[in-house]
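Step one of this worksheet: look at the structure below.
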Amino acid sequence: VGLLPRSGPSRSLVNEDAIAARMRRELPHATHSKALFDGWTLAQQAAWVAAQDVIISPHGAQDVNFAFARPCAALAEVFPRYYYVPSFYLTLAQSAGAIGFAGYPGTWPLRDKRHMDLRGTYAFRRKARNVRLNVSADEVAAALPAMMRARQRCLNERGL
């Protein structure tokens with residue numbers, strides 16, 4: 001089970017340590033890993049992603065490595081408010097045979113996305129993306145069982 005945070009102010013996780021701790025409590029028998037890809041080679045990044053059954057990551061360039069996910073891996077990409085593009089990196093995950101999940105602060109990401117599209121200037125998108133994410137550790141933990149069930153169902157269906 002992997003947590004793939006970002007460094008810097010843009011879409012970094014405010015509470016990444018709390019999220020990692022809560023993930024360990026939710027799945028105590030799983031192997032847990034946290035990676036920050038700064039300075040890693042492409043091969044190192046690909047190997048880390050390919051070794052994970054589950055990954056939680058904020059939206060960002062590090063998610064291009066979802067293309068290296070193992071079949072039936074469950075990958076959750078977390079988005080900031082007013083910036084919801086689940087068809088971007090999660091499409092790479094699906095192409096690799098993984099299962100994509102999207103996290104969003106609030107209950108109406110598509111309505112917010114329409115709002116974003118209407119105000120879709122570069123400055124508005126940049127402001128929406130340039131935030132630190134305060135993702136609920138409890139909500140991440142609550143999503144993990146569904147992610148694990150989806151992974152197991154995928155493995156069963158594919159005979160893996």
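The values are calculated or read from the model by the stated rules, or taken from the named source; none is laboratory data. Since we're looking at a predicted model, the values are computed, not measured. Quick reminder, even Gly has a Cβ in these numbers, built from the backbone with ideal geometry, and neighbours come from all protein chains shown. Heads up: the accessible areas ignore ligands, DNA and RNA and are worked out on the full protein's heavy atoms, side chains in. Shrake-Rupley method; radii C 1.70, N 1.55, O 1.52, S 1.80 Å.
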Here are some conditions: (1) farther than 22 Å from Gly97 by Cα; (2) free of Cβ contacts under 8 Å to residues at least 12 places away in the same chain. Ser7 meets all but one. Which one does it not meet?
(2)
Need at least 3 residues that are open to solvent by 40 Å² or more (accessible area, probe 1.4 Å) and under 17 Å from Ala146 (Cα atoms) per element, so show me which helices (runs of 4 or more DSSP H) inside segment 1-98 make the cut, counting only ones lying wholly within it.
16-26
Given the conditions (1) within 16 Å of Leu4 (Cβ to Cβ); (2) without any contact (Cβ under 8 Å) to a residue 24 or more places away in the chain, report the number of the one that Arg111 does not fulfil.
(1)
Pairs where the first residue, in segment 59-76, is at pLDDT below 95 and the second is in a strand (DSSP E or B) and not basic (Lys, Arg), C-beta under 8 Å, 6+ apart:
His59/Glu77; His59/Val78
Whichever residue in segment 99-108 is of a type in the set (Gly, Ala, Ser) and without any contact (Cβ under 8 Å) to a residue 40 or more places away in the chain and, among such residues, is surrounded by the most Cβ atoms within 10 Å (Cβ to Cβ):
Gly100
Out of Leu27, Leu13, Leu75, Leu42, sole residue that is closer than 18 Å to Ala142 by Cβ and more than 14 Å from the chain's Cα centre (by Cα)
Leu27
